[in-house]
Amino acid sequence: MRLKTRVLIIITASLVGLLAMGSFGLYSMRQGMIEERRAQITQLLDFADSQLKYFYGLETSGKMSREEAQTRAKEAIGAQKQGDNNYFFIRSLTEDIFILHPIPSRMGKKDDGGKLPDGRSAAQAYRDELAKSSDNKAFLELKAPKPGSQDKTQYPKLNGALKFEPWGWMPGIGFFIDDIDTRFWKQSSLFLIVGGVLLALLSLLVLRMRSAILRQLGGEPQDAAESMKKIASGDLGVEIVLEKDDNNSLMASLKLMQMKLTNLTSSIQENALTLTEQVQGFDGVVKSYAETKSDEDFAALNRSVKKLRKTADILGKSISRFKL
């Protein structure tokens, strides 16, 4: 695998890791804020439940009539309004009407709370979730306009409700959670910026390391290893490509070694050929002297011996350049 491919894998893996960790962190943060809102709603529902039980107890003990007890209960619960957008309401368990609502015109009239994406009305969804609930509480995410605002935009809201069967009531309260989504996207943008900067720095660092490695090697490690393998097997004709003005890299040293080995082997081959020719000539002079015993052939024999000694010395020097 080429170094460039490995660098791309490192950068891609870092990007995937950052995205995975960031996405998990952002998701956990949003879920944590949603759970915090759910806990607030649970506390307020517990308060409403305690108030209803208190006034229902006054009714059953005969200290108040049902009408008075219900009126006092509605006053106590309705007074716990949480700002302009978060308020208690009371629905009928069996009918789609409001028994308590901060907008008086909505009380006593048929109002199912609008349709949800699954086709159910909000009132029916409360009843369905309460039927499945083990703690007598149900939570519902829906969209609604903010009360008193001219803006009719539908904002996400988390509502909670409980059932109080003695009076057939279903009190509830909700919180708009668009601020959670706003904070979520703000944190997401911040993560993208920080993550982008970190990824850019990491990519720059990895690419600089790659450049430094390639500069020291003079090319891809795979190419350098392949060239070494061919030279080691005796192929001195392998082509080694160098960058301009590259004199210090591994590939440059390898090319220099290739050139020296080529020159050395050429020199040895030439001297070996010369030695072969001189040995053949010496053999002829020896035969001639053995036949004639003349002074002229003896002198020629001495000259042949000197030539052989000189060529052997040259060949020995060439071989001695190899350090074993």
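The values are calculated or read from the model by the stated rules, or taken from the named source; none is laboratory data. Not measured: the values here are computed from a predicted model. As a convention, Cβ positions derive from the backbone with ideal geometry for all residues, glycine included, and neighbour counts pool all protein chains shown.
Computed values, structure above
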| quantity | calculated |
| --- | --- |
| Filter result (within 30 Å of VAL7 (Cβ to Cβ) and in contact with a helix residue (DSSP H, G or I) (Cβ under 6 Å, 6 or more places away or on another chain)) within the range 232-248 | VAL238, ILE240, LEU242, ASP246 |
| Filter result (farther than 22 Å from ASP111 by Cβ and surrounded by 19 or more Cβ atoms within 10 Å (Cβ to Cβ)) within the range 65-93 | ALA69 |
| Matching option when the condition is part of a helix (DSSP H, G or I) and within 30 Å of SER50 (Cβ to Cβ), among ILE180, ILE213, ILE231 | ILE180 |
| Criterion (at pLDDT 75 or above and out of contact with any Asp or Glu (no Cβ under 8 Å at 6 or more places or on another chain)) met by exactly one of LEU264, LEU256, LEU273 | LEU256 |
| One residue from GLY57, GLY62 being over 54 Å from the mean Cα position of the chain (by Cα), more than 20 Å from LEU158 (Cα to Cα) and either assigned to a loop (DSSP other than H, G, I, E, B) or not assigned by TED's automatic domain parsing to the domain that holds TYR155 (or both) | GLY62 |
| Residue within the range 52-64 that is at pLDDT 90 or above, surrounded by fewer than 19 Cβ atoms within 10 Å (Cβ to Cβ) and on the phi > 0 side of the Ramachandran plot present | yes |
| Breaking point among (1) modelled with pLDDT of 85 or more; (2) touching a helix residue (DSSP H, G or I) at 6+ places or on another chain (Cβ under 6 Å); (3) of a type in the set (Gly, Ala, Ser), for SER92 | (2) |
| Only listed residue being more than 43 Å from the chain's Cα centre (by Cα) and free of Cβ contacts under 8 Å to residues at least 40 places away in the same chain, chosen from LYS115, LYS81 | LYS81 |
| Only one of ALA48, ALA39 that is buried (at least 17 other Cβ atoms within 10 Å of the Cβ), under 15 Å from ASN159 (Cα atoms) and out of contact with any Phe, Trp or Tyr (no Cβ under 6 Å at 6 or more places or on another chain) | ALA48 |
| Of all residues in the range 100-135 being polar (S, T, N, Q) and farther than 23 Å from LYS74 by Cα, the one that is modelled with the lowest pLDDT | SER134 |
| Residues (of a type in the set (Phe, Trp, Tyr) and farther than 15 Å from PHE89 by Cβ) located in the range 140-166 | TYR155 |
| Filter pass, ALA131 being without any contact (Cβ under 8 Å) to a residue 12 or more places away in the chain, part of a helix (DSSP H, G or I) and either touching a strand residue (DSSP E or B) at 6+ places or on another chain (Cβ under 7 Å) or closer than 20 Å to ARG38 by Cα (or both) | yes |
| Flag if SER92 is among the hydroxyl-bearing types (Ser, Thr, Tyr), closer than 24 Å to TYR54 by Cα and touching a residue at least 12 places away in the same chain (Cβ under 8 Å) | yes |
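Every residue, every condition in (1) loosely packed, with under 15 Cβ neighbours inside 10 Å; (2) farther than 30 Å from LEU204 by Cβ; (3) under 42 Å from the mean Cα position of the chain (by Cα), yes or no:
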{"residue": "VAL16", "(1), (2), (3)": "yes, no, yes"}
{"residue": "TYR27", "(1), (2), (3)": "yes, no, yes"}
{"residue": "GLU35", "(1), (2), (3)": "yes, yes, yes"}
{"residue": "LEU44", "(1), (2), (3)": "no, yes, yes"}
{"residue": "ILE97", "(1), (2), (3)": "no, yes, no"}
{"residue": "SER105", "(1), (2), (3)": "yes, yes, no"}
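Residue by residue, here is whether (1) assigned by TED's automatic domain parsing to the domain that holds LEU52; (2) in contact with a Lys or Arg (Cβ under 7 Å, 6 or more places away or on another chain); (3) not in a helix (DSSP H, G or I) holds:
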| residue | (1), (2), (3) |
| --- | --- |
| THR94 | yes, no, yes |
| ASP112 | yes, no, yes |
| ASP118 | yes, no, yes |
| ALA125 | yes, no, no |
| LYS143 | yes, yes, yes |
